[in-house]
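Everything on this sheet refers to the single structure shown next.
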There are 4 protein chains.
Amino acid sequence: MHVQQMISTHPHVQGSTNDVLIQCIEECYSCAQTCTSCADACLGEKMVEQLTQCIRLNLDCADVCAAAGSVATRRTGSNEQVIRAMLAACETACRQCAEECERHASHHEHCRICAESCRRCEQACQEAARSMG
Amino acid sequence: MHVQQMISTHPHVQGSTNDVLIQCIEECYSCAQTCTSCADACLGEKMVEQLTQCIRLNLDCADVCAAAGSVATRRTGSNEQVIRAMLAACETACRQCAEECERHASHHEHCRICAESCRRCEQACQEAARSMG
Amino acid sequence: MHVQQMISTHPHVQGSTNDVLIQCIEECYSCAQTCTSCADACLGEKMVEQLTQCIRLNLDCADVCAAAGSVATRRTGSNEQVIRAMLAACETACRQCAEECERHASHHEHCRICAESCRRCEQACQEAARSMG
Amino acid sequence: MHVQQMISTHPHVQGSTNDVLIQCIEECYSCAQTCTSCADACLGEKMVEQLTQCIRLNLDCADVCAAAGSVATRRTGSNEQVIRAMLAACETACRQCAEECERHASHHEHCRICAESCRRCEQACQEAARSMG
């Protein structure tokens, strides 16, 4: 990912970047991919009927992370309120997905990795929201 | 759109549907399309440099509406918290985009139509949030 | 949806619209919603382990339809090659999803409706591609 | 990104992964972010009216890369035809966006970085398509 490089060359930014927001953008894109992958892996498990809620939360989390990542990337206008609301939604989606994935982490390695990714993204969203003052 | 038809045949729903949520899903998909179209129309205007903030809010609103529409469609699990957070984010994105589009509505018909679409979606999100108790 | 209204007010279009492309855009957004809904309904069925391939194709089709709808909405530049490639991808995704949904249509009403939506979108993509000469 | 880790723990994959496809998935997510960022940076430039086609191709490329990344992540079913069609669409979108960004690369550093990202993604899509036989 080239998040830092791209944002630092933005005409409104000119070198001074919010590193916490950049970290958050990277986690959002990464978590969107991880959740999409975890949903597909869950669909391949023999006991898929025990993982349907996990799959739904994976899909929700992937959608919300992707939108949060795009909105936060487009941060240079005066859209702070939309970013804040999306960071809050993303934190919620990541927490719910992490809680569910953690329940399956001892049986399914993909759920363990996905739970970790969601927890990192949840925390990155919290810190980015705080950094916006 | 077949939102009502699809949700009423969901095994967990069995005929009794939340009409306010269905209306909200339709407005989210419709507003995502309208905002994508308005951004492109703004990019085609001669005075595009006066419309850059409008384009950004259009793009934000399109991303948030699309994610809100997907999450709300997937309402049958116990993901109420994620839906609520996304309805709040969508209401914010629609309001901000509507306010900006309204400033250009007398000069650009696409902004006038888009502002109306955003206002309808903003209200549908409010009402859907209220209907969830 | 306000596809026709929005495109007809685009500064590059000025009233003369490609009705076949407009129909295609509407089907793409509608099919994206229907496939997202069908995946969630399949996840709620008791025999979910027989529907995992259907869910995957639903999710693929939803992603491809959403992207095709956005790209086709943004048709006013000289991006014809991208639109063509996305119409081809969307036709493929819709056909594959329709074939799978049709296998479950007699047992699950949501699959029957979804198959119809995919077939309409498949055909609309074909016709839109043809209309672009 | 945890693409390799996630795919290698998928129940259908069990350790043997297609490294070329994994590379492609990473480039798709990365390029989606870069193009979203380049569109926003272009919107911040004084000479935005000279960059409108660049912004459109950035937005197209971001949408197509995001969808291609999701579909390729969900590779474990028998959806090879959809993946192939999306890899072809993504290659086209990346090439067109790269060609346009290269025209502005000497004036705008964000366009230079974005062109490179698009070229890497274009090549990764080509190689992934070839690796699928």
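The values are calculated or read from the model by the stated rules, or taken from the named source; none is laboratory data. Only a predicted model underlies this, so the values are computations on that prediction, with no experimental measurement involved. Cβ: placed from backbone, ideal geometry, glycine included. Neighbour counts: every protein chain shown.
Out of curiosity, is C:ALA124 over 22 Å from D:GLU80 (Cβ atoms) and surrounded by 24 or more Cβ atoms within 10 Å (Cβ to Cβ)? Yes. For the stretch C:8-17, the condition holds for at least one residue, the condition being that it is buried (at least 19 other Cβ atoms within 10 Å of the Cβ) and either modelled with pLDDT under 95 or within 21 Å of A:ILE55 (Cβ to Cβ) (or both).
Quickly run through the stretch D:89-104 and pick out the residues that are facing chain C (nearest Cβ under 9 Å) and under 11 Å from the mean Cα position of the chain (by Cα). Write out each step before concluding.
Restricting attention to the stretch D:89-104, the residues satisfying the condition of being facing chain C (nearest Cβ under 9 Å) are D:89-93, D:95-97.
Correct list: D:ALA89, D:CYS90, D:GLU91, D:THR92, D:ALA93, D:ARG95, D:CYS97.
The residues in the stretch C:3-42 that are over 21 Å from the mean Cα position of the chain (by Cα) and not polar (S, T, N, Q) can be counted, and the count is 5.
In the stretch B:105-127, the residue that is nearest to the other protein chains (Cβ to nearest Cβ) out of those that are free of Cβ contacts under 8 Å to residues at least 60 places away in the same chain, in a helix (DSSP H, G or I) and over 14 Å from the mean Cα position of the chain (by Cα) is B:GLU109.
Of the residues making up the stretch D:97-133, those that are of a type in the set (Ser, Thr, Tyr) and touching a Leu at 6+ places or on another chain (Cβ under 9 Å) number 1. Looking at the stretch A:90-113 only, could you name the residues that are among the acidic types (Asp, Glu) and either surrounded by 21 or more Cβ atoms within 10 Å (Cβ to Cβ) or more than 16 Å from A:ILE55 (Cβ to Cβ) (or both)? Once the filter is applied, which keeps residues that are among the acidic types (Asp, Glu) and either surrounded by 21 or more Cβ atoms within 10 Å (Cβ to Cβ) or more than 16 Å from A:ILE55 (Cβ to Cβ) (or both), the stretch A:90-113 yields A:GLU91, A:GLU100, A:GLU109.
Would it be correct to say that D:ARG75 is within 14 Å of chain C (Cβ to nearest Cβ) and either farther than 15 Å from A:GLN33 by Cβ or not in a helix (DSSP H, G or I) (or both)? Yes; evaluated as a whole, the condition is true for this residue. Summed over the stretch A:1-42, residues that are in contact (Cβ under 8 Å) with a residue 24 or more places away in the chain, within 7 Å of chain D (Cβ to nearest Cβ) and not in a helix (DSSP H, G or I) total 3. Among the conditions (1) more than 16 Å from the chain's Cα centre (by Cα); (2) crowded, with 24+ Cβ neighbours inside 10 Å, the only one that C:MET86 does not satisfy is (1). Which residues, counting only those in the stretch A:68-87, are touching a helix residue (DSSP H, G or I) at 6+ places or on another chain (Cβ under 6 Å) and small (Gly, Ala, Ser)? Listed by number, the residues that qualify are A:ALA68, A:GLY69, A:SER70, A:ALA72, A:GLY77, A:ALA85. Residues that are modelled with pLDDT of 95 or more and not in a helix (DSSP H, G or I): does the stretch B:49-69 have at least one? Scanning the stretch B:49-69 turns up at least one residue that is modelled with pLDDT of 95 or more and not in a helix (DSSP H, G or I).
Among the residues of the stretch B:43-60, those identified as more than 8 Å from chain A (Cβ to nearest Cβ) and either over 16 Å from the mean Cα position of the chain (by Cα) or touching a residue at least 40 places away in the same chain (Cβ under 8 Å) (or both) are B:LEU43, B:GLY44, B:GLU45, B:LYS46, B:MET47, B:VAL48, B:GLU49, B:GLN50, B:LEU51, B:CYS54, B:ASN58.
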